[in-house]
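Asks: Submitted below is the structure of interest, expressed as structure tokens.
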Amino acid sequence: MSYIAIRMLMGDRSKYLGIIMGLTFASLIMTQQPAIFVGLMTRSFSFISDVGLPDIWVMDPKVQFVDDVKPLQDTELYRVRGVSGVDWAMPLYKGLIKARLTNGNFQTCNVIGLDDATLIGGPPEMLEGRLEDLRRADSVIVDRDGAKEKLGLKGPDGQAIPLKVGDLLELNDHRAIVVGIAKTTRTFQSQPVVYTTYSRAKNMAPRERKLLSFILVKAKPGVDPKDLTRTIESHTGLAAYTQKGFQDLTYNYYMKNTGIPINFGISVALGFLVGAAIAGQTFYSFTLENLRQFAVLKAMGAGNGTLLMMILLQAFIVGIIGYGLGVGLTSVFGWAMRNTILSFRFPWQLLLFSGVGVMLICLMAAGISIRKVMTLEPAMVFKT
Amino acid sequence: MMAVHCRNLTKGYEAGGQKVMALRGVNLDIPVGQLMMLVGPSGCGKTTLISVIAGILDQDEGTCEVYGVDLKSLSDHDKLAFRAKNIGFVFQAYNLLPSLTAQENAAVPLIINGVKRPLALQAAANMLDRVGLGQRLTSMPSQLSGGQQQRVAIARSLVHDPKLIVCDEPTSALDHDTGHRVMELLKGVALDAGKALIIVTHDERIFEFADTIAHMDDGNILRNPSLDEAPDVPSNEPNSPLRQPPC
Ligand SMILES: Nc1ncnc2c1ncn2[C@@H]1O[C@H](COP(=O)(O)OP(=O)(O)O)[C@@H](O)[C@H]1O
Ligand SMILES: [Mg+2]
């Protein structure tokens, strides 16, 4: 009977394709939109992952997320260094500073100041130059995307001229020379990232009493970072998070305090509804059209259980195909967008999520059809 | 042995708040080995009667036994199994499944009976061969003429070797010659091993194939005087003989 069910399904080419299109659409929207969403949300903390090396981030207790800098006094650094279990602790400056380009335009940059001696907290990958070049006078390292886009210039014919090693910038009236190009993960803010030393960053930054944004801490071997955060907090009154903890803090902030989740939630819900409407409607009219065939089978002795199985199988087949196509299209989309500014991340949980969504649609579509077929009078076979 | 034995069958339909009596106490016997035709004006209850006999409709009152089994007394499950095993259907509108080939269509009753697909397809091919469609196994219904489709339907009605074959106007969509061929097939193939056939028809051209003709009008069986002299007329005593003239 499964064979008959499958042949029945594929026999009606236009309906078959219609149902699959509906399901493909639904599963596309239900994976592609959340993939962009997850990508965006990952960006919210990509700076933390990029820094990588330290176990623990120490900051003002009022800080809500990574871009919410509430500077500390430099003396806090020494207090943290004094906590037992701390292997090393380094300062990190993170702040927005206006850069003036050679064409006179201004561009706000995310300036990162690294500990002068160790340069800990630098970019994950250098494309040109070396991190150590930051020890040269006035030197800065710029991230590739920033150099290409926001800090780049336009040539006379409109072609883009990226910022190169050796080029000059003015950061808050301080001369800076580009000594390297780095690859960084795109952040949520999408300003160009400019790396320099902590002391130089302090010089460039607008005069303030406190300029220490974060203290990066490495735990001594054998010391559990989680335990160490508690020790640091009780000794200094500052907030200390493990790298994961700080990422979660940032992520949760964006989840709670921005419209991003709601917007994507609406897209996903719409995709689900539209897909469910198309697929459910088409599946139902497919069943209605085949009602006589089901009645003939019933008259010839096929029971409701058998017909139920046939309809579920039909729904399952279109579900699997639509799901596969939708997920496939999403993957192609993600691949095509891999080098663009678009955020896209496709963790396996999304496969599960959209799979459940498509399954729900199929069950709903099958459900209304099943009711119709279960109550079908086999005597209708003699009606013409 | 009676293939069909009906006593005092009644069946009414609710339609628009009104009760329409489609069967008003039908008595009918069909002996094994006979081809009975059921004739009568449109709306007199023929389809309702064969639906009850085939076990796809429950009567309101009276009994209907098919090969000694009272269908109404069976559970839903047993009734399905009984139909699957013992009844063959032929419809005026053929009712083939449009997305299955001729061979697959003819195999459906066997598949419903749980026969494995290769075996079922083999039996279907043999049966199609007997109805003269051995060359059209892989044709789709839409590629076949009306007569050919009805022959596929006949192959389907016989493939599982049922004891009773129920046909509603099997020839009325066919031209004279095709109708004759279809009847020859039905008569030849179906009656070979202790089966019985009941054929509802308007089609006078095929009356010659009948062993008996039962006339029906307004929910009752009337005796057909022209068959009175036939030696094997069953005891289809009408409740109210010739209450209304057949039209
Ligand atoms: N499902 C139904 N609902 C209501 N009335 C019906 C239904 N089926 C048949 N009838 C009525 O019952 C009577 C007998 O119908 P039917 O058995 O189809 O007659 P026939 O096959 O002789 O034309 C008719 O009056 C018809 O209108
Ligand atoms: Mg009729």
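Only the coordinates and a few stated rules stand behind these numbers; no lab work does. Remember, it's a predicted structure, so these values are computed and weren't measured experimentally. Here Cβ is always computed from backbone atoms with ideal geometry, including for glycine, and neighbour counts include all displayed protein chains.
Asks: At 222 nm, what value in deg cm²/dmol follows for chain A if DSSP H runs of at least 4 each add -39500 (n - 2.57) and the sum is divided by all its residues, to the nearest 500?
Replies: Values: 12 runs with 193 residues, N = 384.
Theoretical 222 nm ellipticity from helices: -16500 deg cm²/dmol.
Asks: Thinking of the stretch A:295-353 as a set of Cα atoms, what percent of all their pairs are more than 17 Å apart?
Replies: Distances greater than 17 Å cover 59 percent of the Cα pairs.
Asks: Evaluated at 20 °C with a viscosity of 1.002 mPa s, what Stokes-Einstein diffusion coefficient in µm²/s does the stretch A:73-237 have when Rh comes from the Kirkwood expression over alpha-carbon pairs? Before the final figure, lay out each step's value.
Replies: Values: Rh = 16.9 Å.
Translational D for this selection: 127 µm²/s.
Asks: Under 10 Å, Cα contacts only: if you run a Gaussian network model on chain B, which one of B:GLY55, B:GLY134, B:GLY45 comes out with the highest mean-square fluctuation?
Replies: Of B:GLY55, B:GLY134, B:GLY45, the most mobile in the Gaussian network model is B:GLY134.
Asks: Need the list of aspartates and glutamates near A:LYS183 for cross-linking: C-alpha distance under 12 angstrom, and skip anything on the same chain fewer than eight residues off.
Replies: A:ASP50, A:GLU125, A:GLU128, A:ASP143, A:ASP145
Asks: Answer rounded, prolate or oblate for the stretch A:252-312, using the Cα gyration tensor with square roots of eigenvalues a ≥ b ≥ c: rounded when a/c is under 1.5, else prolate when a/b is larger than b/c, else oblate. Can you show the working numbers first?
Replies: On the way: a/c = 10.43, a/b = 3.45, b/c = 3.02.
It comes out prolate by the Cα gyration axes.
Asks: Okay, moving on. Test of understanding: in a Gaussian network model of chain B with alpha carbons linked when under 10 Å, which of B:VAL52, B:VAL115, B:VAL26 would top the mean-square fluctuation ranking?
Replies: Comparing B:VAL52, B:VAL115, B:VAL26 in a Gaussian network model of chain B, the most mobile one is B:VAL115.
Asks: Now for a separate question. Using a Gaussian network model of chain B with C-alpha springs under 10 Å, which one of B:LEU110, B:LEU23, B:LEU74 is most mobile by mean-square fluctuation?
Replies: B:LEU74
Asks: Where the convex hull is taken over the Cα atoms of chain B, what is its projected area averaged over directions, in nm²?
Replies: Taking a quarter of the hull surface, the average projection is 13.7 nm².
Asks: So, with +1 on the Cβ of K and R and -1 on the Cβ of D and E, and no other charges, what is the size of the charge dipole of the protein assembly as shown about its Cα centre, to the nearest 20 debye?
Replies: Roughly 2340 debye, rounded to the nearest 20.
Asks: Between 0 and 90 degrees, rounded to the nearest ten: what's the tilt of helix B:102-112 against the longest Cα principal axis of chain B?
Replies: 60 degrees
Asks: Same structure again: Name the aspartates and glutamates eligible as straight-distance cross-link partners of A:LYS220: C-alpha to C-alpha under 17 Å, and not fewer than 8 places from it in the same chain.
Replies: A:LYS220 reaches A:ASP55, A:ASP87, A:GLU233.
Asks: Percent antiparallel among DSSP beta bridges with both residues in the stretch A:73-237, to the nearest 5?
Replies: That works out to approximately 75 percent antiparallel.
Asks: So what's Rg/Rh here for the protein assembly as shown, counting alpha carbon atoms and using the Kirkwood radius for Rh?
Replies: Rounded to two decimals, Rg/Rh equals 1.32.
Asks: Turning to a different aspect of this structure: Ranked by Cβ crowding within 10 angstrom, fewest neighbours first, how are A:TRP335, A:TRP57, A:TRP88, A:TRP348 ordered?
Replies: If I rank by nearby Cβ atoms, fewest first, I get A:TRP348, A:TRP335, A:TRP88, A:TRP57.
Asks: Please work out whether the stretch B:38-172 counts as rounded, prolate or oblate from its C-alpha gyration tensor, where a ≥ b ≥ c are the square roots of the eigenvalues and a/c under 1.5 means rounded, while otherwise a/b larger than b/c means prolate and anything else oblate?
Replies: Verdict is oblate for the stretch B:38-172.
Asks: Between 0 and 90 degrees, rounded to the nearest ten: what's the tilt of helix B:176-190 against the longest Cα principal axis of chain B?
Replies: 90 degrees
Asks: Calculate the mean, over all residues of peptide B:91-101, of how many other protein chain Cβ atoms lie within 10 angstrom of the residue's Cβ.
Replies: On the way: counts 7, 3, 6, 1, 10, 2, 10, 6, 11, 6, 1.
Across the residues of B:91-101, the mean count of other-chain Cβ atoms within 10 Å is 6.
Asks: Here's a follow-up. So if I take the alpha carbon set of the stretch B:110-153, get Rg, then get Rh from the Kirkwood formula, what is the Rg over Rh ratio?
Replies: Ratio of gyration radius to Kirkwood radius for the stretch B:110-153: 1.00.
Asks: Taking chain A as the reference, fit the longest principal axis to its C-alpha atoms, fit the long axis of helix A:260-289 to the helix C-alpha atoms, and give the angle between the two in degrees, 0 to 90, nearest 10.
Replies: Taking Cα atoms only, the helix is inclined about 10 degrees.
Asks: What whole number of Å gives the distance from the Cα centroid of the stretch B:95-146 to the Cα centroid of the stretch B:38-79?
Replies: If we compute the Cα centre of each part, the gap is 27 Å.
Asks: For the pair A:ASP173/A:LYS148, report the inter-label distance in nm, with labels modelled 7 Å from Cα in the Cβ direction.
Replies: It works out to 3.5 nm between the two label points.
Asks: Let me ask something additional. Pop a pseudo-label 7 angstrom from the Cα along the beta-carbon direction at both A:ASP138 and A:THR102 and give the gap in nm to one decimal.
Replies: Computed distance between label sites A:ASP138 and A:THR102 equals 1.3 nm.
Asks: Next up: Kindly put A:PHE188, A:PHE214, A:PHE283 in sequence by how many other C-beta atoms sit within 10 Å of each C-beta, fewest to most.
Replies: Ordered from fewest to most neighbouring Cβ atoms within 10 Å, A:PHE188, A:PHE214, A:PHE283 come out as A:PHE188, A:PHE214, A:PHE283.
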